[in-house]
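This report refers to the structure that appears directly beneath it.
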Amino acid sequence: MIILGSTGSIGTQALHIAYKFNLEIEVLCAGENIDLLNSQLKQCNPKIIVIKDYKKAKLVNKKPNQKLLFAEEGILEALNLAKSKLVLNALVGFSGLKPSLESIKLNKKLALANKESLVVAGFLMKSSKIIPVDSEHFALKELLKDNKHIKKLIITASGGALRNIPIKDLHSQTKEVVLKHPNWNMGKKITIDSATMANKLLEVLEAKYLFNTNKIDALIEKNSIIHALIHTKDNALIAHLATNDMKLPISYALLNKKAKYKPSIKELDLLNYNFSFEKIDTERYPLWNLKNELLKKPKLGIILNTSNEILVDKFLNNKIKFGEISSGIFKAIEYFSPQIKHIHTINDIVSFDREIRNFTLA
């Protein structure tokens, strides 16, 4: 198995499952956290290690028989050298794009936790080669196995850390408040994306590409226990419930059908929860106004993804206010949307991404 992003939340949980079930790790790829990488290397013996910065090579406690590679070029080389047929891509942001495309090109199964690569280049990927590592899309995949006559797919949102803050106070909320997610302990970017609803827009586009439909909606379910529902043509609704633990979709990605008989999460006690649904309020979450347009013109996802990535970073570095994330995304989409008709290849995407970054950084 190949794990890209081993020191992040998904990567560390994947390694926990791999250790538990004695799965062989052939490639381990990490970013900046060399200390955590070294602790992982004590527990597994990959043939290839990839880190982001070659200047940190001496800090990696590798064995003489292990190959050490660097940056994006190193990831692509590792994918080509490795015999493993399963790639878990848990890289964050646009950096996951080329490894996703290369994995599919090499006819490997892609367990995809890097939603950004599917959002910006789903039109270049074979969905049959992708195993979704996301609670909502895993839930949809399970629900759709025995149900083919579908009227609509529904994914759920927690509402994020600001879901109960008065709307008039949203614009100037600090990062300390925005990063206190009520249900999850996640990375900074995805926590902020949860508060703006950008994350759910990305997931809507993921669902479009994975399940080949525009009939997708989302509702707020504050427990994060009901992950997805399908509305069948007989007007029944079927839901998928599980504890809010990413080990469930990860275990199915790594163990396939064996995961059915090897519980990776705690049993859910329904008596501990009260369930209700709320419409996503576009006054509280203005980005949600983009949903239908994104489904009609999915290449707008490139603009959404890139501008959001830059604006979230600006917010984390105290350069803009929380409300400016959404307004900045709207500006970028208005400016760049005429150009999406010219985007056809990976090189087009990379050039377009660079233009959007420069515009949003200015």
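Here, each number is a calculation from the coordinates, and none is a lab measurement. Keep in mind it's a predicted model, so treat the numbers as computed, not measured. Here the Cβ is made from the backbone with ideal geometry for all residues, glycine too, and neighbour counts use every protein chain on show.
The calculated 222 nm mean residue ellipticity attributable to helices in the chain amounts to -12000 deg cm²/dmol, summing -39500 (n - 2.57) over DSSP H runs of n ≥ 4 and dividing by all residues.
Seen from a random direction on average, the alpha-carbon convex hull of the stretch 64-222 projects onto 12.0 square nanometres.
The shape of the stretch 20-62 can be summarised by an equivalent ellipsoid whose semi-axes, obtained from the alpha carbon gyration tensor, come to 19, 10, 8 Å from longest to shortest. Geometric descriptor of the stretch 299-362, per residue, is 67 Å³ (volume of the convex hull of the Cα atoms).
Would you mind giving the three semi-axes, in whole Å and largest first, of the ellipsoid equivalent to the stretch 198-237 according to its Cα gyration tensor? Working shown, then result.
Details: eigenvalues 60, 55, 11 Å².
Whole-Å semi-axes of the equivalent ellipsoid: 17, 17, 7.
Need the list of lysines near residue 58 for cross-linking: C-alpha distance under 26 angstrom, and skip anything on the same chain fewer than eight residues off. Candidates past the 8-residue exclusion: 42, 47, 67.
Straight Cα distances below 16 angstrom link residue 151 to the aspartates and glutamates 217, 234, with same-chain residues fewer than 8 positions distant left out. Relative intensity of the stretch 257-324 on a log10 scale, I(q)/I(0) at q = 0.11, 0.12, 0.13, 0.21 Å⁻¹, equals -0.59, -0.67, -0.74, -0.91, per a Debye sum over C-alpha point scatterers of equal strength in the absence of solvent.
Here residue 260 is the anchor, and the aspartates and glutamates within straight C-alpha reach of less than 14 Å, apart from those fewer than 8 places off in the same chain, are 142.
Provide 181, 149 in ascending order of the number of other Cβ atoms located within 10 Å of each residue's Cβ, fewest first. Walk me through the intermediate numbers first.
On the way: 181 18, 149 9.
Neighbour counts put them in this order, fewest first: 149, 181.
Kirkwood analysis of the chain, using all unique Cα-Cα pairs, places the hydrodynamic radius at 21.1 Å.
Enter the mean projected area of the convex hull around the alpha-carbon atoms of the stretch 101-149, in nm², rounded to one decimal. Could you put the intermediate results ahead of the total?
Values: hull surface 15.2 nm².
Its Cα hull, projected and averaged over all orientations, spans 3.8 nm².
Using the alpha carbons of the stretch 169-235, what is the convex hull volume per residue in cubic angstrom, as a whole number?
Numbers: hull volume 8.2 nm³, N = 67.
Residue-normalised Cα hull volume stands at 122 Å³.
Footprinting exposure proxy ranking of 39, 224, fewest other C-beta atoms within 10 angstrom first, gives 39, 224. Evaluated on the stretch 191-305, the Kirkwood hydrodynamic radius is 16.2 Å, with distances taken between all distinct Cα atoms.
For the chain, the antiparallel share of DSSP beta bridges with both residues in that region comes to about 30%. If you take the alpha carbon atoms of the stretch 2-132 and fit the smallest convex hull around them, that volume is 96 Å³ per residue. Going down the table (180/321; 108/258; 109/266; 141/341), which pairs top 26 Å between alpha carbons? Over 26 Å Cα-Cα: 109/266; 141/341.
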